[in-house]
Amino acid sequence: MSTKSLRTLTREEVAKWIIIDSKVYDVTRFKDLHPGGAAVFLEEETSGQDVTEAFYGLHLHEVLLRPQYQRLQIGLIEGEEPQLHGNLTGEVSKVPYAEPSWLSEGYHSAYFKESHRQLQKATRILVDEIVYPDAQAREQDGKRPSQSVFDRMAEVNLHAMRMGPGKHLQGLSLMNGIVTPEETTATKTEDGKHWIVNGHKKWITNGM
Ligand code: HEM
């Protein structure tokens, strides 16, 4: 007979485990705190079962990424790999209408060029990697956003860009040089009758 000491489990305990995308969660203690009620975990088709479909029908993937729920995971089903991932860093969401149309696949815009896409992507990476994790952690401890987040935003001159176009952008490297601030000049012709405008006009009220 094997001498390996095994943990003794009650049938009730095992029934409190559920599988979501190959990950095993122990919801014994959590069940009474569950916003959707404890009853869902006691049903025959939930307790001890693979509830991936039911879970994703009622929750966002992000729920499982919250630290207090990550802690509920006690294991992984042998030989299986989780298949469902949230948004990858910097990627555009594939959820219909979750993104502005100019970012969606197959959409061509007369206004947005490659440089706009590069700026959008770099900004999203910064938000995904620096801003979002800090926001989640501050949500937990109730403290103010970390100074390091503001510093990283300032490094790429994000604060300056958020103030819109203007002189304050002159000479700055924006988002590590992805965007170059343009200077528009207006000089009078020699006869003083006309203006010569150099640069790009981005907005024309009433199209006039
Ligand atoms: C580890 C497992 C689970 C966790 C961490 C969890 C967490 C949560 C959270 C945080 C909410 C609040 C709403 C939200 O933020 O989305 C919620 C709501 C809910 N959950 Fe769960 N849940 C789990 C499993 C399940 C399962 C297996 C079912 C059913 C089969 C279920 C059914 C519901 C229902 C019915 C609601 C209420 C939805 C509403 O009011 O619109 N949950 N759950």
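Worth pointing out:
- Unique match (being more than 26 Å from the chain's Cα centre (by Cα) and part of a loop (DSSP other than H, G, I, E, B)) among GLY79, GLY86, GLY36, GLY90: GLY79
- Complete set of residues in the stretch 51-63 that are more than 6 Å from the ligand (Cβ to nearest atom), in a helix (DSSP H, G or I), in contact (Cβ under 8 Å) with a residue 12 or more places away in the chain and within 13 Å of ASP21 (Cβ to Cβ): THR52, TYR56
- Selection status of ALA54, surrounded by 11 or more Cβ atoms within 10 Å (Cβ to Cβ) and within 12 Å of the chain's Cα centre (by Cα): no
- Among the candidates GLU12, GLU91, residue that is modelled with pLDDT under 90, charged (D, E, K, R) and within 28 Å of GLU129 (Cα to Cα): GLU91
- All of GLU44, GLU62 fail the test of being within 22 Å of the chain's Cα centre (by Cα), acidic (Asp, Glu) and not assigned by TED's automatic domain parsing to the domain that holds ARG117, apart from GLU62.
- Identity of the residue in the stretch 41-50, touching a residue at least 24 places away in the same chain (Cβ under 8 Å) and of a type outside the set (A, V, I, L, M, F, W, C), that ends up nearest to the ligand (Cβ to nearest atom): THR46
- Count of residues meeting criterion [at pLDDT below 90 and β-branched (Val, Ile, Thr)] in the stretch 41-76: 1
- Within the stretch 64-92, considering residues that are hydrophobic (A, V, I, L, M, F, W, C) and within 7 Å of the ligand (Cβ to nearest atom), the one surrounded by the fewest Cβ atoms within 10 Å (Cβ to Cβ): LEU72
The values are calculated or read from the model by the stated rules, or taken from the named source; none is laboratory data. What you see is a predicted model; the values in this text were computed from it and never measured. Cβ: placed from backbone, ideal geometry, glycine included. Neighbour counts: every protein chain shown.
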